[in-house]
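Here's the structure we're looking at; comments come further down.
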Amino acid sequence: MRPLFHPRLVHGPFGDPGLYVAWMHKARAILFDLPDLSPLPSGDLIKISHVFVSHTHMDHFVGLDSLVRLSLGRDKKLKIYGPAPILDQTAWRLRSYTWNLVGGYKEGLVLEVTQLRGNLLESTLLDCKEEFRDKGLREVAVFDGTLWEEPGVRVKTVLLDHKVPSMAFSLEEPLHVEVLKGKLEEHGLRPGGWLRTLREKVMEGASPETLLEVNPRERGPLPLAWLKENLIRCSKGQKIGYVVDVAPTQENLEKVAGLVKGADLLFIEAPFPESEGHRAINRAHLTTRKAGEMAAMAKVGKVIPFHFSPKYGPDPSPLVKEVKQGFKTLMENPSR
């Protein structure tokens with residue numbers, strides 16, 4: 001199975017926290033947190049369509065300006081999600097600049113900012129052509145655990161305690177849809193843009209009678225039922241967890257375990273070694289062992305620790321070893 005999502009950390013294990021996720025079959029990408037974005041080339045940054053911010057401590061939000069600057073003059077809607085009051089914070093950041101020249105752009109960037117406040121999602125649009133002015137208009141929806149969903153992808157979240165609200169995220173592919181390239185030849189069909197439409201229709205659960213144009217067009221439109229039976233293989237989709245800046249409390253532990261349960265990959269912070277547990281509690285962060293235990297409790301496939309305190313660098317291997325020990329111990333002794 002070729003993965004749909006290809007995640008990589010923006011920085012190394014001791015740098016600002018951030019996860020860039022390239023999206024196969026789409027000229028798009030997803031970003032978790034907004035750290036210093038200088039390690040990412042412009043070609044990667046302009047693909048970002050959705051940003052999920054855990055909270056607005058500086059190392060998680062400083063990249064907003066860079067991303068907006070690169071996106072100016074493009075016909076693009078950039079969607080940003082985070083805990084309240086990220087909507088006001090984004091608007092204030094943008095209002096600190098002077099925008100008197102943006103009227104010359106043929107294309108206009110629009111930010112759609114959505115914040116989670118209690119059990120409500122509040123959204124607004126900040127339009128470059130209107131100098132990103134916040135008009136005070138809010139679209140409100142009841143939060144059901146899902147922040148964003150479209151065919152083939154879903155992002156869920158929980159609010160955690162970090163002395164401020166901080167959000168953990170799971171990126172889920174509900175169903176993995178794979179085109180069997182060998183079957184195309186067998187049935188006299190050729191690759192093309194129609195395969196993207198085919199994948200989307202399968203993920204949407206479209207009617208089996210739906211007709212799709214194929215390549216070559218001379219074959220005429222073919223029913224989705226036939227295409228699915230002969231060209232498609234469906235399997236369990238990917239699940240990726242992202243957890244940063246969270247106090248080591250039992251409530252947080254249980255929330256995280258529920259959110260990222262069964263994830264293939266879990267990217268999780270581990271700023272402090274187990275010997276510095278008192279510092280972790282004071283700073284509302286995880287220790288290495290606690291990060292490993294969280295991963296084990298959620299029964300994830302693989303844990304990737306990061307956001308280590310630079311104080312313990314430059315070699316991450318002792319910290320990684322402690323995370324893996326916590327993961328292994330709890331997996332082997334689940335009653336601990």
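Please go through region 133-156 and give me each residue that is within 17 Å of residue 85 (Cα to Cα) and in contact with a Phe, Trp or Tyr (Cβ under 7 Å, 6 or more places away or on another chain), ordered by number. 147, the sole residue that qualifies. In the condition set (1) part of a helix (DSSP H, G or I); (2) under 17 Å from residue 240 (Cα atoms), residue 324 is compliant with all but (2). From the list 274, 293, the one residue that fits, being in contact with a strand residue (DSSP E or B) (Cβ under 6 Å, 6 or more places away or on another chain), touching a residue at least 40 places away in the same chain (Cβ under 8 Å) and surrounded by fewer than 24 Cβ atoms within 10 Å (Cβ to Cβ), is 274. Taking each residue of region 178-191 that is at negative phi and modelled with pLDDT of 90 or more and looking for partners that are β-branched (Val, Ile, Thr) and assigned to a loop (DSSP other than H, G, I, E, B) with beta-carbon atoms closer than 8 Å, six or more apart or interchain, yields 189/214. Only one entry in 319, 265 is in contact (Cβ under 8 Å) with a residue 24 or more places away in the chain, farther than 20 Å from residue 56 by Cα and surrounded by fewer than 24 Cβ atoms within 10 Å (Cβ to Cβ), namely 265.
Quick check on residue 8: is it in contact (Cβ under 8 Å) with a residue 60 or more places away in the chain, under 22 Å from residue 263 (Cα atoms) and surrounded by fewer than 17 Cβ atoms within 10 Å (Cβ to Cβ)? First the steps, then the outcome.
On the way: in contact (Cβ under 8 Å) with a residue 60 or more places away in the chain: no; under 22 Å from residue 263 (Cα atoms): yes; surrounded by fewer than 17 Cβ atoms within 10 Å (Cβ to Cβ): yes.
So residue 8 does not fit the description; no.
Among residues of region 130-145 that are in the same structural domain as residue 104 (by TED's automatic domain parsing), those with a beta-carbon under 7 Å from a residue that is in a loop (DSSP other than H, G, I, E, B) at least six positions away or on a different chain give the pairs 131/99; 132/99; 142/119; 143/119. Of the residues that make up region 267-276, is at least one of a type in the set (Gly, Ala, Ser) and on the phi < 0 side of the Ramachandran plot? Yes, region 267-276 contains at least one residue that is of a type in the set (Gly, Ala, Ser) and on the phi < 0 side of the Ramachandran plot. The requirement of being of a type outside the set (D, E, K, R) and farther than 26 Å from residue 247 by Cα is fulfilled somewhere in region 73-83, by at least one residue.
Whether any residue in region 284-303 is assigned to a strand (DSSP E or B), in the same structural domain as residue 271 (by TED's automatic domain parsing), at pLDDT 95 or above and not basic (Lys, Arg) is what I want to check. Looking through region 284-303, at least one residue is assigned to a strand (DSSP E or B), in the same structural domain as residue 271 (by TED's automatic domain parsing), at pLDDT 95 or above and not basic (Lys, Arg).
With respect to residue 233, determine if the residue is among the basic types (Lys, Arg), in contact with a strand residue (DSSP E or B) (Cβ under 6 Å, 6 or more places away or on another chain) and surrounded by fewer than 14 Cβ atoms within 10 Å (Cβ to Cβ). Let's see the steps before the verdict.
Numbers: among the basic types (Lys, Arg): yes; in contact with a strand residue (DSSP E or B) (Cβ under 6 Å, 6 or more places away or on another chain): yes; surrounded by fewer than 14 Cβ atoms within 10 Å (Cβ to Cβ): yes.
Criteria met by residue 233.
The values are calculated or read from the model by the stated rules, or taken from the named source; none is laboratory data. Just so it is clear, the structure is predicted and the values come from calculations on it, not from any experiment. Cβ coordinates were reconstructed from backbone atoms using ideal geometry, including for glycine residues, and neighbour counts include every protein chain displayed.
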